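Encoded as structure tokens, the structure appears first; notes follow it.
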Amino acid sequence: MSDVRQHAEEIREQFSEHLDVTVDEVEQRLDNLVNEYRVPLEEARRSVVSHYLDEAGLDRDEIRSGGGGSEQVSVEDVDEDEQWLSLTAKVVDLWEPRSDAVGQVGLLGDETGTIKFTKWADSDLPELEEGAVYHLGNLVSDEYQGNYSVKLNRTTTVAEADEDIEVGDDTAEVEGALVDIQSGSGLIKRCPAEDCTRVLQNGRCSEHGEVEGEFDLRIKGVLDDGLEVHEVIFDKEATEEFTGIGLQEAQDMAMDALDTTVVAEEMREKTLGRYYRVSGPTMGRYLLADEVETLAGPTDAEDVLIKARSI
Ligand SMILES: [Zn+2]
């Protein structure tokens with residue numbers, strides 16, 4: 001297939017929901033510009049797309065990207081090279097491009113962290129503004145020496161989002177004593193409604209009322225590092241690993257006792273007052289526990305001092 005034909009197919013696909021136009025018609029327009037008027041192909045494509053945008057009365061960011069849908073992911077999920085993906089992210093920082101081929105370069109962020117982005121100069125995309133949130137479709141991931149980035153290309157779609165994002169740090173690490181396991185920990189039930197997952201209180205979801213909940217495990221813990229306290233959330237996997245109590249075992253315990261609170265009690269007994277090093281992404285004021293390590297005891301300066309005095 002010729003380059004012109006391929007571009008024609010991509011353009012027709014972009015407008016498939018908006019215009020009744022055939023690949024042949026698009027190809028003829030492109031071909032005319034390229035072969036008759038000697039316009040470079042990329043420029044011809046932009047010109048033809050502009051023509052159809054006018055005809056459809058659309059802005060550039062309203063048309064479908066080429067190549068079909070790409071998967072909507074979070075920043076932290078970008079861990080493969082050459083993946084096509086979509087992100088909803090905030091422009092955290094813009095840097096000075098070092099090459100003429102690069103239109104914009106900087107940092108994008110969502111709740112799960114930040115990632116470098118590069119927008120090619122010839123991508124024909126709108127300027128991204130620092131502090132704005134965008135739905136970005138059809139990005140391509142890139143890996144360089146173990147670091148991932150995303151690239152905005154000419155098939156990328158850019159739409160400003162009507163929302164703000166609190167950008168999360170990549171990871172944080174806290175060391176301290178587990179001084180509390182808060183209510184809403186242990187064996188809990190979540191609302192099964194789509195996109196809800198709220199924790200039920202007495203069988204009720206604050207949004208959906210009385211529902212048949214789904215069992216889950218969670219710990220909302222408080223770590224005291226000697227200077228301040230940190231709220232740490234363990235999801236099901238982290239809770240199972242941290243306490244050695246699995247979801248089925250927790251359900252059995254609750255069934256035997258006819259009481260779900262025995263699970264949190266058991267978890268308290270196993271963990272409270274001990275020292276841990278917890279690391280993971282932060283979300284708002286919470287640290288989401290990815291890795292947990294049990295420490296022998298406090299490792300702060302005061303403790304070292306006490307040991308030193310006692311020698
Ligand atoms: Zn609900």
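Miscellaneous remarks
- Positive-end residue of ALA238, ASN32, THR294, charge dipole of the chain with Cβ unit charges: THR294
- For the stretch 123-180, the Cβ-based charge dipole about the Cα centre amounts to some 500 debye (Lys, Arg positive; Asp, Glu negative; other atoms uncharged).
- Residues whose amide H comes within less than 5 Å of that of GLN83, counting only those at least five positions distant or on another chain, are SER141 (H built at 1.01 Å from N in the peptide plane).
- Potential lengthening between ASN35 and SER2 on full extension [0.36 nm per residue; Cα-Cα distance subtracted]: 10.6 nm
- For LEU187, the residues 5 or more places off, or on other chains, whose built amide H falls under 5 Å of its own are VAL263, ALA264.
- Relative to the Cα centre, the charge distribution of the stretch 98-194, modelled as +1 at Lys and Arg Cβ and -1 at Asp and Glu Cβ, gives a dipole magnitude of about 400 debye.
- Part-to-part distance (alpha-carbon centres) for the stretch 100-146 and the stretch 214-256, which is given in Å: 37 Å
- Geometric extent, Cα atoms of the chain - Rg, Dmax (angstrom): 26.7, 91
- 18 Å Cα-Cα reach of LYS90 towards lysines, excluding residues that sit fewer than 8 places from it in its own chain: LYS116, LYS119, LYS151
- Put simply, the amide H of ASP180, placed in the peptide plane, has neighbours under 5 Å in VAL222, leaving out anything fewer than 5 places away on its chain.
- Charge sum, other residues only, whose C-beta stays under 11 Å from VAL34's C-beta, Lys/Arg counted +1 and Asp/Glu -1: -3
- Listed by chain and number, the aspartates and glutamates whose C-alpha is less than 13 Å from the C-alpha of LYS270, apart from same-chain residues fewer than 8 away, are ASP180, GLU240, GLU241.
- Whole-Hz ³J(HN,Hα) from phi, Karplus 6.51 cos²θ - 1.76 cosθ + 1.60, for the stretch 74-83, glycine and proline x: 9, 3, 5, 7, 7, 9, 9, 7, 6, 8
- The residue list LEU94, GLY113, TYR144 was ranked by how far each Cα lies along the charge dipole of the stretch 76-152 toward its positive end, using unit charges on Cβ atoms, and LEU94 comes out on top.
- Crossing angle, helix 3-14 versus the chain [Cα axis fit, 0-90 degrees, rounded to tens]: 60 degrees
- Relative packing of peptides 94-102, 22-30 - highest average C-beta neighbours within 10 Å first: 22-30, 94-102
- Projecting the Cα atoms of GLY280, VAL49, LEU223 onto the dipole axis of the chain, where Lys and Arg carry +1 and Asp and Glu carry -1 at the beta carbon, places LEU223 farthest toward the positive end.
- Between helix 41-56 and the chain there is an angle of about 80 degrees, using the helix long axis and the longest principal axis of the Cα atoms.
- In sequence order, calculated HN-Hα J values of the stretch 88-94 (Karplus, 6.51, -1.76, 1.60; Hz; x Gly/Pro): 10, 8, 9, 7, 7, 7, 10
- Candidates LEU227, LEU187, LEU178: whichever shows maximal mean-square fluctuation once the chain is modelled as a Gaussian network with Cα springs under 10 Å: LEU227
- Accessible surface of the chain, 1.4 Å probe, proportion on carbon and sulfur as whole %: 43 percent
- Within the full protein context, the accessible area of ASP93 is estimated at about 60 Å² for a probe radius of 1.4 Å.
- Residue-normalised accessible area of the chain, given per residue in Å² at a 1.4 Å probe: 58 Å²
- Remark: the chain carries a charge dipole of roughly 500 debye about the Cα centre, counting +1 on each Lys and Arg Cβ and -1 on each Asp and Glu Cβ.
- Angle in degrees between helix 301-310 and the longest Cα principal axis of the chain, rounded to the nearest 10: 30 degrees
- Entry note, the chain: the mean residue ellipticity at 222 nm calculated from DSSP H runs of n ≥ 4, each adding -39500 (n - 2.57), is -7500 deg cm²/dmol after division by the residues and rounding to the nearest 500.
The values are calculated or read from the model by the stated rules, or taken from the named source; none is laboratory data. It should be emphasised that the depicted structure is a prediction, and the values quoted were computed from it without experimental measurement. When we count neighbours, we look across all protein chains shown, and the Cβ atoms used for this are built from the backbone with ideal geometry, even at glycine. Surface accessibility is based on the protein's heavy atoms, side chains included, excluding ligands, DNA and RNA. Shrake-Rupley method; radii C 1.70, N 1.55, O 1.52, S 1.80 Å.
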